[in-house]
C-alpha cells in the first residue's frame with residue numbers, strides 16, 4: 001500500500017522507515033523537499049524562502065513508538 005505524501009504515521013519501530021522523516025520539528029531545505037513544502041508550507045515554522053519545519057510530535061508519541069511523516073509518497077489530489 002502506497003502512502004500519501006505528508007501523511008503522519010505512528011510506527012512501533014526503533015527506526016524511521018526509508019520513505020519517511022521523524023516528526024521532530026527539524027528544519028528542512030525547501031529545495032530538497034519541494035512537494036512536501038507545497039503541502040506543509042510554514043505551518044510548523046521556517047522562513048518560507050529557503051527553510052520549512054516538520055511538525056514536532058516526538059514528545060507526544062507513546063513509549064516505544066514514533067510519529068513520522070511520509071516524505072516520498074503519492075501526491076494527494078482531490
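Throughout, read-outs are computed from the coordinates displayed, never taken from laboratory work. Please read these numbers as outputs of a predicted model, since none were measured by experiment. Ideal geometry is used to build each Cβ from the backbone, glycine not excepted, and the neighbour counts take in all protein chains shown.
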Q. Tell me, 18, 66 in order of fewest to most beta-carbon neighbours within 10 Å?
A. 18, 66
Q.
Would the chain count as rounded, prolate or oblate if I go by the C-alpha gyration tensor, calling it rounded below 1.5 in a/c and otherwise prolate when a/b exceeds b/c, oblate otherwise?
A. oblate
Q) Taking the simple approach of a point 7 Å from Cα along Cα-to-Cβ for both residue 74 and residue 16, what is their distance in nm? A) 2.4 nm
(Q) Counting other beta carbons within 10 Å of each residue's own, what order do 63, 26 fall into, fewest first? (A) 63, 26
Q: Within 10 Å of each residue's Cβ, count the other Cβ atoms and sort 58, 47, 24 from fewest upward.
A: 47, 58, 24
